[in-house]
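Colleague: Shown below is the structure under consideration.
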Amino acid sequence: MKKNVDDFDESILDNEEEFKKRFKPIPRERRPNLAISKAIRENKSRITIMLDPDILEHFKVEAERSRVGYQTLINQTLRETIEGTASSDPLEKLLKDKKALKRLKAELEAV
């Protein structure tokens, strides 16, 4: 009879030899979180930066709304600025925001 994962037999904890047979350690280099950390370290640099509270709050609110990490949003914003894709014209930015355009359309139709 195949055991369900939820049917954990606690008696295995009493026998170290049986425990070691069933639960083999994963080599450090094969652990998923270590592989992810290594990939991040190879592509990112850790820094300390001082930001005004309102700037940080803006990115945290945007992050919650868009379900993207606030540090990722800060990175994207900096990249857009460097690459020259960030628009200083608020109207141009609005025209690219489909959600805002849909809201505007609904508001205009209600008038």
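Colleague: Using a simple charge model, +1 on the beta-carbon of Lys and Arg, -1 on the beta-carbon of Asp and Glu, nothing else, what dipole does region 11-111 show about its Cα centre, in debye to the nearest 20?
Modeller: Its charge dipole is roughly 580 debye.
Colleague: Got the relative contact order for the chain handy, in percent, Cα pairs under 8 Å and 6 or more residues apart?
Modeller: Numbers: 21 pairs, mean separation 8.2, N = 111.
RCO, the chain: 7 percent.
Colleague: What is the local net charge at Ile36, summed over the other residues whose Cβ is closer than 13 Å to its Cβ (Lys, Arg +1; Asp, Glu -1)? Let's see the in-between values first.
Modeller: Values: positive: Arg30, Arg31, Lys38, Arg41, Lys44; negative: Glu29, Glu42.
Residues near Ile36 contribute +3 overall.
Colleague: Using Cα springs under 10 Å in a Gaussian network model of the chain, which residue among Arg31, Arg46, Arg65 shows the largest mean-square fluctuation?
Modeller: The residue with the greatest mean-square fluctuation here is Arg31.
Colleague: As I understand it, the dipole of region 7-111 uses +1 on the Cβ of Lys and Arg and -1 on the Cβ of Asp and Glu, about the Cα centre. Which of His58, Ile26, Ala110 lies farthest toward its positive end?
Modeller: So the residue we want is Ile26.
Colleague: Sticking with this one: Expected output is a single nm value to one decimal: the length gained when fully extending between Phe19 and Lys44, i.e. 0.36 nm times separation in residues minus the C-alpha distance. What is it?
Modeller: 5.1 nm
Colleague: Please work out, to two decimal places, the log10 of the ratio I(q)/I(0) at q = 0.16, 0.18, 0.20 Å⁻¹ from a Debye calculation in which every Cα of region 43-111 carries one identical scatterer.
Modeller: Debye output, listed in q order: -0.74, -0.89, -1.03.
Colleague: Against the longest principal axis of the chain, how steep is helix 98-110, in degrees 0 to 90 to the nearest 10, with axes from Cα atoms?
Modeller: The angle comes out near 50 degrees.
Readers should treat all values here as calculations from the given coordinates under stated rules, not as data from a laboratory. Small disclaimer: the values here were computed from a predicted structure and weren't measured. Positions of Cβ are generated from backbone atoms using ideal geometry, with glycine treated the same way; all protein chains shown enter the neighbour counts.
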